[in-house]
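Undergrad: Quick one: this structure, given as structure tokens, is what I'll be asking you about.
The values are calculated or read from the model by the stated rules, or taken from the named source; none is laboratory data. Quantities reported herein were computed from a predicted structural model and do not represent experimental measurements. A quick note on method: Cβ atoms are made from the backbone with ideal geometry, for glycine too, and the neighbour counts reach across all protein chains shown.
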Amino acid sequence: MSRRNAFRTSCISDFFKTIRLSSLESNSTGLGSSPALVVVDMCRGFIDPSSPLGFQCDELIQANIKLVDKFKQMNLPVIFTTTIYRDISEASVFRAKIPALNILKPGSEHTSFLAELSPGSEDILIEKKFASSFFETTLALDLRQMNVDSVVISGVTTSGCVRATALDSLQNNFLTVVAEDCVGDRDLNAHRANLFDLQSKYADVVHSERIIKSLLQK
């Protein structure tokens with residue numbers, strides 16, 4: 001069984017077994033010669049289980065630390081994103097839909113990073129207002145200015161900001177890879193369903209160890 005088919009089988013939760021899966025052909029696009037890592041919303045508000053937006057994700061945090069460290073060791077670009085609201089008018093409909101987003105205020109504990117997983121002076125920090133790291137930000141321009149051809153995505157949540165970022169990465173014509181063990185969600189079924197859909201149509205979903213191995217071979 002191929003890696004792609006094996007992944008699809010492993011990610012089908014029980015409710016997916018009741019529907020007929022599409023036979024649409026889907027190819028792996030892989031990594032290009034100049035990849036960057038985009039770490040989506042790994043600030044305390046989304047990874048602390050005491051936060052209304054967070055959940056328990058210790059293994060996910062450690063996997064991200066390892067992947068970020070490897071990119072930095074290889075002098076590859078690392079971009080962190082955070083969601084912050086500085087004005088009551090920003091993303092007002094989104095915040096009305098999800099009131100817990102209102103905790104994401106400038107200088108708050110919820111928008112801070114763990115010491116071992118935080119942007120350094122050499123990293124880019126993208127401040128966003130919506131799910132996608134590309135929407136109304138400079139991310140696409142920053143990547144093109146660095147001659148990046150492929151984007152590896154990690155962070156949270158799979159069904160929200162990770163998915164939106166992966167779709168917009170593809171729609172900006174970057175080869176797109178989601179680091180399977182470096183993304184997570186509050187809801188396991190949503191996590192699995194969105195990884196399945198991303199792999200089928202928009203990105204390669206690959207374990208970080210395989211991503212690192214691929215980087216070392218370049």
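Undergrad: Output the residue which, of all residues in region 181-193 that are without any contact (Cβ under 8 Å) to a residue 60 or more places away in the chain and within 15 Å of the chain's Cα centre (by Cα), is farthest from ASN147 (Cα to Cα).
TA: Checked region 181-193; the qualifying residue farthest from ASN147 (Cα to Cα) is ALA190.
Undergrad: Shifting gears a bit: Residues that are surrounded by fewer than 18 Cβ atoms within 10 Å (Cβ to Cβ) and of a type outside the set (Val, Ile, Thr): find the strands (runs of 3 or more DSSP E) completely inside region 68-179 holding 1 or more of those.
TA: 124-128
Undergrad: Also: List pairs: first residue in region 60-76 and farther than 16 Å from SER34 by Cβ, second residue among the hydroxyl-bearing types (Ser, Thr, Tyr) and part of a helix (DSSP H, G or I) anywhere in the structure, Cβ distance under 6 angstrom, at least six positions apart or on different chains.
TA: Within 6 Å, the pairs are ALA63/SER208; LEU67/SER208.
Undergrad: Report every pair of residues separated by at least 6 positions or lying on different chains whose Cβ atoms are under 6 Å apart, first residue within region 133-157 and more than 16 Å from MET42 (Cα to Cα), second charged (D, E, K, R) and in a strand (DSSP E or B).
TA: Cβ pairs passing all conditions: THR137/LYS128.
Undergrad: If I go through region 75-126 residue by residue, how many of them are over 23 Å from ILE212 (Cα atoms) and acidic (Asp, Glu)?
TA: Within region 75-126, residues that are over 23 Å from ILE212 (Cα atoms) and acidic (Asp, Glu) number 3.
Here is a yes/no grid of residues against (1) under 21 Å from PHE71 (Cα atoms); (2) of a type outside the set (Asp, Glu); (3) out of contact with any strand residue (DSSP E or B) (no Cβ under 6 Å at 6 or more places or on another chain):
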residue: ILE153; (1), (2), (3): yes, yes, no
residue: THR165; (1), (2), (3): yes, yes, no
residue: GLU180; (1), (2), (3): yes, no, no
residue: ASP185; (1), (2), (3): no, no, yes
residue: ASN189; (1), (2), (3): no, yes, yes
residue: ASP204; (1), (2), (3): yes, no, no
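Undergrad: PHE196: surrounded by fewer than 23 Cβ atoms within 10 Å (Cβ to Cβ), among the hydrophobic types (A, V, I, L, M, F, W, C), free of Cβ contacts under 8 Å to residues at least 40 places away in the same chain and in contact with a helix residue (DSSP H, G or I) (Cβ under 8 Å, 6 or more places away or on another chain), yes or no?
TA: The answer is no for PHE196.
Undergrad: Continuing with this model, one more query. Filter region 21-58 for residues that are modelled with pLDDT under 90 and surrounded by 13 or more Cβ atoms within 10 Å (Cβ to Cβ) and give the result.
TA: Matches in region 21-58: SER26 only.
Undergrad: Could I ask something else about it? So, THR18, is that one surrounded by fewer than 12 Cβ atoms within 10 Å (Cβ to Cβ), modelled with pLDDT under 95, out of contact with any Phe, Trp or Tyr (no Cβ under 8 Å at 6 or more places or on another chain) and hydroxyl-bearing (Ser, Thr, Tyr) or not?
TA: When the stated conditions are applied, THR18 passes them.
Undergrad: May I ask you to list the residues in region 95-119 that are closer than 21 Å to LEU67 by Cβ and free of Cβ contacts under 8 Å to residues at least 24 places away in the same chain?
TA: ALA115
Undergrad: If you take the residues of region 32-53 that are in a loop (DSSP other than H, G, I, E, B) and either among the hydrophobic types (A, V, I, L, M, F, W, C) or within 15 Å of the chain's Cα centre (by Cα) (or both), which of them is nearest to ASP185 (Cα to Cα)?
TA: LEU53
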